[in-house]
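Colleague: One structure is given below, represented as structure tokens, and several questions about it will come after.
The values are calculated or read from the model by the stated rules, or taken from the named source; none is laboratory data. Here the structure is a predicted model, which means the values were calculated and not measured. Every residue, glycine as well, gets a Cβ built from its backbone with ideal geometry; the counts of neighbours run over all protein chains shown. With ligands, DNA and RNA removed, areas are computed over all heavy atoms of the protein, side chains included. Shrake-Rupley method; radii C 1.70, N 1.55, O 1.52, S 1.80 Å.
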Amino acid sequence: MNPIAAIGRVFLFFLAATGRLALFAGSAVFHAVKPPIYPRLIGRQMVEIGYFSLPVVGLTAIFSGMVLALQSYTGFQRFEAESAIATVVVLSMTRELGPVLAGLMVAGRVGAAMAAEIGTMRVTEQIDALTTLSTNPFKYLVAPRLIAGTIMLPLLVMVADVIGVMGGYLVAVHKLDFGPIAYLENTWEHLETQDVVSGLVKAAAFGFLIALMGCYHGYHSRGGAQGVGNATTNAVVSASILILTSNYLITEAFFSR
Amino acid sequence: MNAAIPKIRIRGLAKSFGPKVVLQNLDLDVTSGESLVVIGGSGSGKSVLLKCILGLLEVDAGTVEVDGIDVTRLRGSQRDALLRKFGMLFQSAALFDSLAVWENVAFPLIQGRRMERRAARDVALAKLGAVGLGADVGALNPAELSGGMRKRVGLARAIACEPEIIFFDEPTTGLDPIMADVINDLILKCTREMGVTALSITHDMASARKIANRVAMLHDGRIIWHGPVATIDANGNAHVDQFIHGRAEGPIQMAVLHP
Ligand SMILES: Nc1ncnc2c1ncn2[C@@H]1O[C@H](COP(=O)(O)OP(=O)(O)O)[C@@H](O)[C@H]1O
Ligand SMILES: [Mg+2]
């Protein structure tokens, strides 16, 4: 086998997959903004993505905030800069850990469920049935999930930010003997609007990507139960990778301003 | 409508999946008001044929005319208008398992016709009654139904919008002989009472003999024989003969390795 031909094949396959995904995303966004939209379906997805993810995201956030306080204390003590702990906790939570951890948790929970549900609908001909019943599957299945994901992730991240800061506060005040008022003042002092906003922009992008990957892999699954299983795995893996790469790109876009 | 124009006219239809040729140069006419049954072995491309007509799969070549209009290149609202003429009973019934049974039947009314939920519910329960299912079944989840009940709900959903053309994909496969006959009777009742054009595909000869006016046989990607159901026993075609008598020996070779 010619190695150059093999590389070429892989490259062409990659281009084809990227093109397919771009077409899918374009069509999904088109149907998400063009009426009719289905508020009932969007509402159901918002509950599914937002409300039912609260426990997981909350737990992740509180322990991240707690461990941040502890770790930065260990570090900053060496420079006698303990008062910076509150700032480190709140900046890390709002700019990075809130969106990224919530994104990864929701990718595992919701992205997988979307891929499994839509994939099952594909292999049991339910998507074909939708089409024959004059209902566009993009409008009925994909658009509500994209809209709900893009709206709910920022809301989840707001909650995660607050809980994370609270975790840091608990450790700082009850374990490291900081004054409660001083800790909270330190938290506010260096926090800027942009810190929170950049985190929420990330969250919206992550929510879109999670829903897009779940729908895309489910929509294109084939070959029975095994195909649906593969779609689920691919949805979670690709969403996680896209979250981490786009996280860097968005950070850089905000950083250079 | 001009009686000379067939309801569905297919010419030179071809469909392949990668290197695998499923349909090639297939011609078929379905006359308005008739019940045509296409028979053929498993994997011969019967479902693919229906999906090509509906536009669920894109054809590689050929034309599909419905009421004299080529539909293979239709998009958007024109395709929606076309699909309103059709009802389809899928092989696995394809009920939406996130919705209750009555919501499944009411789905084309609520989504397609923008009917009020309450009014759609009444129509749905009436259609369920027409296929012999009570209002109590309407409240169940599709997962709670037996195979025969699923097919009947699928049938009720297919006729909910009173289509002009109904496709039945293996309506009796996987059912016991008595339930199969119940479904056959329902198909007959629907097609006769509503005067619809029916295109069914099956490999169940008892069902084909019962519901068909005309039978066509799909083999090797094309229609190799067609004629009125009464002439099927005197078809003069070795392939058809082998199929309707279910013999392993004959011109049709199954992809089975003989030890
Ligand atoms: N979406 C698809 N992608 C690839 N191959 C397909 C697809 N749909 C059907 N086929 C192939 O086409 C052939 C005919 O399938 P089908 O029409 O379902 O057979 P049947 O006559 O039993 O209904 C099968 O060999 C199947 O593997
Ligand atoms: Mg089939």
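Colleague: Just to verify a result, which residue in region A:109-144, among those that are open to solvent by 40 Å² or more (accessible area, probe 1.4 Å) and of a type outside the set (Val, Ile, Thr), is farthest from the other protein chains (Cβ to nearest Cβ)?
Modeller: A:Arg109
Colleague: Here's another thing I want to ask about it. State all residues of region B:162-199 that are within 14 Å of chain A (Cβ to nearest Cβ), more than 16 Å from ligand 1 (Cβ to nearest atom) and out of contact with any Leu (no Cβ under 8 Å at 6 or more places or on another chain); if no residue qualifies, say none.
Modeller: Selection gives B:Glu162, B:Pro163, B:Glu164.
Colleague: I've got another one for you. Residue check, B:Gly43 against (1) more than 16 Å from ligand 1 (Cβ to nearest atom); (2) under 28 Å from A:Ile118 (Cβ atoms), all met but one. Which one?
Modeller: (1)
Colleague: On the given criteria, is B:Gly134 farther than 17 Å from B:Ile211 by Cβ, surrounded by fewer than 23 Cβ atoms within 10 Å (Cβ to Cβ) and within 16 Å of ligand 2 (Cβ to nearest atom)?
Modeller: In short, no.
Colleague: Has region B:17-39 got any residue that is within 14 Å of chain A (Cβ to nearest Cβ), touching a helix residue (DSSP H, G or I) at 6+ places or on another chain (Cβ under 9 Å) and of a type in the set (Val, Ile, Thr)?
Modeller: no
Colleague: Ok, one more. Please verify whether B:Leu57 is of a type in the set (A, V, I, L, M), within 20 Å of the chain's Cα centre (by Cα), within 16 Å of ligand 2 (Cβ to nearest atom) and part of a loop (DSSP other than H, G, I, E, B), treating the condition exactly as stated.
Modeller: yes
Colleague: Filtering region B:137-150 down to residues that are within 13 Å of chain A (Cβ to nearest Cβ) and under 21 Å from A:Thr132 (Cβ atoms), which residue is most open to solvent (accessible area, probe 1.4 Å)?
Modeller: The qualifying residue most open to solvent (accessible area, probe 1.4 Å) is B:Arg150.
Colleague: Output the number of the condition that A:Gly98 fails; it satisfies all remaining conditions of (1) at pLDDT below 90; (2) within 14 Å of the chain's Cα centre (by Cα).
Modeller: Status for A:Gly98: all satisfied but (1).
Colleague: On to the next question. Can you name every residue in region B:46-75 that is in contact with a Gly (Cβ under 6 Å, 6 or more places away or on another chain) and near ligand 1 (Cβ under 10 Å from one of its atoms)?
Modeller: Listed by number, the list holds a single entry, B:Lys46.
Colleague: With respect to A:Ile241, is the statement that it is open to solvent by 60 Å² or more (accessible area, probe 1.4 Å), on the phi < 0 side of the Ramachandran plot and either in a helix (DSSP H, G or I) or of a type outside the set (S, T, N, Q) (or both) true?
Modeller: yes
Colleague: Of all residues in region B:48-102 being basic (Lys, Arg) and over 26 Å from B:Ala130 (Cβ atoms), which is modelled with the highest pLDDT?
Modeller: Among them, the one singled out is B:Lys51.
Colleague: For region A:208-223, check the following and say yes or no: at least one residue is surrounded by fewer than 24 Cβ atoms within 10 Å (Cβ to Cβ), within 15 Å of the chain's Cα centre (by Cα) and not charged (D, E, K, R).
Modeller: Within region A:208-223, one or more residues are surrounded by fewer than 24 Cβ atoms within 10 Å (Cβ to Cβ), within 15 Å of the chain's Cα centre (by Cα) and not charged (D, E, K, R).
Results for (1) more than 12 Å from ligand 2 (Cβ to nearest atom); (2) polar (S, T, N, Q); (3) open to solvent by 40 Å² or more (accessible area, probe 1.4 Å), shown as yes or no for each residue.
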position	(1), (2), (3)
B:Leu50	no, no, no
B:Ile53	yes, no, no
B:Val64	yes, no, no
B:Ser77	yes, yes, yes
B:Phe86	yes, no, no
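Colleague: So how many residues does region B:60-92 have that are within 22 Å of B:Ile187 (Cβ to Cβ) and either within 11 Å of the chain's Cα centre (by Cα) or facing chain A (nearest Cβ under 8 Å) (or both)?
Modeller: Total satisfying the criteria: 9.
Colleague: Quick check on region B:93-114: of everything there that is without any contact (Cβ under 8 Å) to a residue 40 or more places away in the chain and surrounded by 17 or more Cβ atoms within 10 Å (Cβ to Cβ), which residue is nearest to the other protein chains (Cβ to nearest Cβ)?
Modeller: Looking at residues that are without any contact (Cβ under 8 Å) to a residue 40 or more places away in the chain and surrounded by 17 or more Cβ atoms within 10 Å (Cβ to Cβ), I get B:Gln111.
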